[in-house]
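The values are calculated or read from the model by the stated rules, or taken from the named source; none is laboratory data. Since the structure is predicted, the reported quantities are computational estimates derived from the model, not experimental observations. Cβ placement follows ideal geometry from the backbone for every residue including glycine, while neighbour counts extend to all protein chains displayed. Protein only, heavy atoms only, side chains kept; ligands, DNA and RNA dropped before computing areas. Shrake-Rupley method; radii C 1.70, N 1.55, O 1.52, S 1.80 Å.
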Amino acid sequence: MKNNNCIIIIDFNSQYTMLIFKILRKLKVYCEIYDCNNISVNKIYNINPNGIILSGSSHSVLNNGPMLSNKILNINIPILGICYGMQLIVKILGGNVENIINCREFGLSRIVIKNYSKLTNNIYDRVSNNGFEFLDVWMSHNDVVTKIPDGFTVIAGNDKCKNAIIADEKNKIYGLQFHPEVSHTKCGISLIKRFIFNICNCIPDWNINNINNTIISSINNLVKNNDKVILGLSGGIDSLVTAIIINSIIGKRLICIFIDNGLLRLDEYKLVTLVSKNFNLNTIFINAKNRFFYALSNIDDAEEKRKIIGKIFIDIFLEQSTNFSNVKWLAQGTIYSDIIESKNKIKSHHNVGGLPSNITLKLLEPIKKLFKDEVRKLGLKMNIPYNILYRYPFPGPGLAIRIIGKVNANLCKLLRLADNIFIEELKNSNFYYRIDQAFTVLLPIKSVGIIGDCRRYDLVLSLRAINTSDFMTAKWVKIPYNLLHKISNRILNEINEISRVVYDISDKPPSTIEWE
Ligand code: XMP
């Protein structure tokens, strides 16, 4: 998306890579993550970053851990190696890494500054009476650097870890044995700032205006004069922001398609009609409920449901594209977390990887480098009303993955009503905006209940509400009991077919946000 003023993070499969990424974006520096197996010197030349960060890893350089081309260390771009990243630098450049039981460290550690370095100058947590500067840092390593490569100096260490910070000032290559990205390392952010701003000379320009301009120029470069673009409008903010931005550039050459698949939230059709009108979008509305329900009628496996639904969506887009001349592009509101989550192969969700290989339309994904909060900021800039921008995310396969097991129109109707009650009560109690996502799930079990004097044997519904900053991890929300009580009462009284309501108290990980 951007060829300069950026940092690339090479990921060696570290649990903390996303933390580094977020810190950089918060500091308004554009950055991208590359898998260590999918990066080459040529690629780096093309990206032309201001600096490179090598992440930590769950592997060991002594035990066939992932490697890095030594050419990458010679391309005259500042490099910061963190933990495994530092050990890799040492190994490649001829130093020594060993596994010494007494040197293993997991947790807080105090290191003393021994020599000057541009990276650490004037950054410390404590000065001793005799003038020594100390840093309190978070360690998490089995292996340890026992000999530094030629050209490097030891900047800081302690008895257990003699080489906790090393630097080759001339070539601007730095290594930290600890994790500056973890909040326990008090000076961590200062060290990262020093690296990106003073050593890599990045400018903090990743702000909404710049993001907007970058996206507009990338669309302008790709979509030629007469090209038409097809876009699936789902009611969610990612596709809406994508539509509005493309619409602002090519107007009616953008053809939005809203498909009612019978798996949507209550009144979604009304909402999309209104929004399309307000933003002057050229939208075609298609009722394909029967087609979806027919295809799903015997399916209870979640991944299969996702694939079937994704395929029908694409089939309809392709069918529609033949009604217009010169349709060259299929636009999607893919965002960065979609790509990262799909890479993890936890679920085959999102727009990623679901297209047939023989598709002739080219993919236009203008916001695929943004996170949800950045998409929302962009949406605010485009004057999308707050109540739409901050609606809870809704998965592409819709209610089909919130009905565990087989799906049909009647179950969807019940779930839609229950979900609406839950959301209405969250709004009435001013809880809605304190939660990042909430919904209901229909379980494939029945339970005994009683209405008046009659026994009933009906469905069980679960409420789910989570808080999260990135949807990659999440905590269940402690909704007050009296509010939960009100919600369950309404659902049990207003929907005959539901006899029991339960509340999901599972964090992600180990659970996921959706049940399927
Ligand atoms: P999970 O369940 O993976 O959800 O923890 C993380 C976020 O992704 C949404 N989600 C989906 N979105 N298609 C989508 O477009 C899907 O198949 C899908 N599955 C999960 C989920 O609602 C949450 O916001």
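Rounded, prolate or oblate: which one fits the range 208-389, using the alpha carbon gyration tensor with axes a ≥ b ≥ c (rounded when a/c is under 1.5, else prolate when a/b beats b/c, else oblate)?
Details: a/c = 1.37, a/b = 1.31, b/c = 1.05.
Cα axes put the range 208-389 in the rounded bin.
Computing the accessible area with a 1.4 Å probe over protein heavy atoms, can you report the carbon and sulfur percentage for the chain? It would help to have the intermediate numbers written out before the result.
On the way: 11660 of 23600 Å².
Taking all protein chains in place, the chain shows 49 percent carbon and sulfur surface.
With a 10 Å radius around each residue's Cβ, average the other Cβ atoms per peptide and rank 416-429, 7-20, highest first. Spell out each step's value before the answer.
Details: 416-429: 18.6, 7-20: 21.6.
Put in order of decreasing packing, that is 7-20, 416-429.
On alpha-carbon atoms, Rg over Rh for the chain using Kirkwood Rh?
Values: Rg = 26.4 Å, Rh = 25.7 Å.
With Rg and the Kirkwood Rh in hand, the quotient comes to 1.03.
Could you tell me which residue out of G236, N171, L378 lies farthest along the dipole of the chain toward its positive end? Charges go on the beta carbon: Lys and Arg +1, Asp and Glu -1, centred on the Cα centre.
The residue sitting farthest along the positive end of the dipole is L378.
Given 0.36 nm per residue, what is the gain on full extension from N64 to F324 after removing their alpha carbon distance, in nm?
Working: separation 260, 0.36 × 260 = 93.60 nm, distance 5.42 nm.
Net length gain for the segment: 88.2 nm.
Residues in the range 476-497, backbone N under 12 Å from the label point at I451 (7 Å along the Cα-to-beta-carbon vector): list them, ranges by number please.
Only 492-497 fall inside the zone, counting backbone N under 12 Å.
What distance in nm separates the simple spin-label points at I75 and T512, each placed 7 Å from Cα in the Cβ direction?
Computed distance between label sites I75 and T512 equals 3.4 nm.
Under 11 Å from the Cβ of D136, count the other residues' Cβ atoms, weight Lys and Arg +1, Asp and Glu -1, and hand me the total.
So the environment of D136 carries a net charge of +2.
Mind running the shape call on the range 100-197? Use the C-alpha gyration tensor, a ≥ b ≥ c as the square roots of the eigenvalues: rounded below 1.5 for a/c, prolate if a/b tops b/c, oblate otherwise.
Values: a/c = 1.29, a/b = 1.07, b/c = 1.21.
Taking the square roots of the gyration eigenvalues as a ≥ b ≥ c, the range 100-197 is rounded.
Roughly what angle does helix 237-250 make with the longest principal axis of the chain, taking Cα atoms, 0 to 90 degrees, to the nearest 10?
The helix 237-250 is inclined about 90 degrees to the chain.
Rounded, prolate or oblate, given the Cα gyration tensor of the range 111-159, with a/c below 1.5 counting as rounded? Kindly include the intermediate steps, with their values, before the conclusion.
Numbers: a/c = 2.06, a/b = 1.36, b/c = 1.52.
Oblate.
Counting helices only, and only those DSSP H runs with n ≥ 4, report the 222 nm mean residue ellipticity of the chain as the sum of -39,500 (n - 2.57) divided by its residues, in deg cm²/dmol to the nearest 500. It would help to have the intermediate numbers written out before the result.
Numbers: 14 runs with 156 residues, N = 516.
Calculated mean residue ellipticity at 222 nm is -9000 deg cm²/dmol.
Nearest 0.05, what FRET efficiency do D35 and N482 give at R0 = 45 Å with Cβ-Cβ as r? Don't jump to the answer; show the numbers that get you there.
Values: r = 48 Å, r/R0 = 1.07.
After rounding to 0.05, the efficiency reads 0.40.
Can you tell me the Rg and the Dmax, both Å, for the Cα atoms in the range 362-516?
Gyration radius and largest Cα-Cα distance of the range 362-516: 17.1, 62 Å.
Express in whole angstrom the spacing between the alpha-carbon centres of the range 20-48 and the range 293-321.
35
To the nearest Å, what is the center-to-center distance of the range 217-291 and the range 468-489, using C-alpha atoms only?
The range 217-291 and the range 468-489 have Cα centres spaced 31 Å from each other.
Given a 1.4 Å probe, how much area per residue of the chain is accessible, in Å²? List each step's numbers first, then the result.
Numbers: 23600 Å² over 516 residues.
Accessible area per residue: 46 Å².
Taking amide hydrogens as modeled 1.01 Å from N in the peptide plane, which residues meet the under 5 Å criterion relative to L231, leaving out close sequence neighbours?
Here I255, C256, I257, A331 satisfy the definition.
Skipping prolines and chain starts, which residues have an amide H placed within reach, meaning under 5 Å, of the one on I33, given they are 5 or more residues away or on another chain?
Excluding prolines and chain starts, which carry no amide H, the hits are I9.
Quick check: residue separation of N129 and Y503 times 0.36 nm, minus the Cα distance between them. What number comes out in nm? Numbers along the way, then the final one.
On the way: separation 374, 0.36 × 374 = 134.64 nm, distance 5.59 nm.
Roughly 129.0 nm would be gained on extension.
What's the ranking of 430-442, 154-166, 376-388 by average number of surrounding C-beta atoms within 10 Å, highest first?
On the way: 430-442: 18.0, 154-166: 21.1, 376-388: 15.7.
Top to bottom by mean Cβ count within 10 Å: 154-166, 430-442, 376-388.
Under a Cβ-Cβ cut-off of 14 Å, what is the net charge of the residues other than Y294 that fall near it, where Lys and Arg count +1 and Asp and Glu count -1? Working shown, then result.
Working: positive: K289, R291, K305, K311, K406; negative: D315.
After counting each charged neighbour, the total is +4.
With charges only on Cβ, +1 for K and R and -1 for D and E, what is the dipole size of the range 208-389 about its Cα centre, in debye, rounded to 20? Write out the running numbers ahead of the final one.
Values: 24 positive and 16 negative charges, 85 e Å.
Roughly 400 debye, rounded to the nearest 20.
Using the Cβ atoms and a cut-off under 14 Å, what net charge is assigned to the surroundings of V327, where Lys and Arg are +1 and Asp and Glu are -1?
Values: positive: K224, K228, K252, R253, K328, K362; negative: D227, E319.
So the environment of V327 carries a net charge of +4.
Roughly speaking, what is the stretch gain from N282 to N115, that is 0.36 nm per residue apart minus the C-alpha to C-alpha distance, in nm to one decimal? Don't skip to the answer; put the middle values down first.
Working: separation 167, 0.36 × 167 = 60.12 nm, distance 6.40 nm.
Gain on stretching N282 to N115: 53.7 nm.
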